[in-house]
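Everything below concerns the one structure shown next.
Readers should treat all values here as calculations from the given coordinates under stated rules, not as data from a laboratory. Being a predicted model, the structure only gives us computed values, none of them experimental. Virtual Cβ from ideal backbone geometry, glycine too; neighbours counted across all protein chains shown.
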Amino acid sequence: MTLRNMIRSMLAFAAIFGVAIASMHVTTEAEARRGVKPYYWRTYQFNRPVKGYEGWVAPGYYCSYKRYPRRTCTHERSGKERCRITGWTLEQTCQ
C-alpha cells in the first residue's frame, strides 16, 4: 500500500468516525430526558473495500458497519450474464 492510499484510508476513517460522534449529539431535549439515543444510518461510496470501526463509540452507543459490493452486469450473446464489482458501499448504523 502506498503512502497516498494509506493517507486516503485514514482520512476516510476519520470522516466516518467524526460523523458518528457528531450524530450522537443530535437529540431533542425530550429524548435526552428520557434517555433515548438517536438511530443514525448513512451510506458511503468507495472504489475499494474499506473497513469501518465497529464497537462502542460512547457509553451506551454502538456503531456497526456492513460492506456491500456494487456490481455491473452485462449479458453476452450466448445468454450468459457476467458481473464484475465496480465499487463498494459502506453502510453505517449507530444506536
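Mind running the shape call on the range 43-82? Use the C-alpha gyration tensor, a ≥ b ≥ c as the square roots of the eigenvalues: rounded below 1.5 for a/c, prolate if a/b tops b/c, oblate otherwise. Prolate. Annotation note: trypsin sites (Lys or Arg not before Pro) in the range 63-95 located in DSSP loop regions with a Cβ neighbour count of at most 16 within 10 Å are Arg77, Lys80.
Fewest-first ordering of Ser78, Ser64 by other beta carbons within 10 Å of each residue's beta carbon gives Ser78, Ser64.
The length gained on full extension between Val57 and Ser78, counted as 0.36 nm times the residue separation minus their Cα-Cα distance, comes to 2.5 nm.
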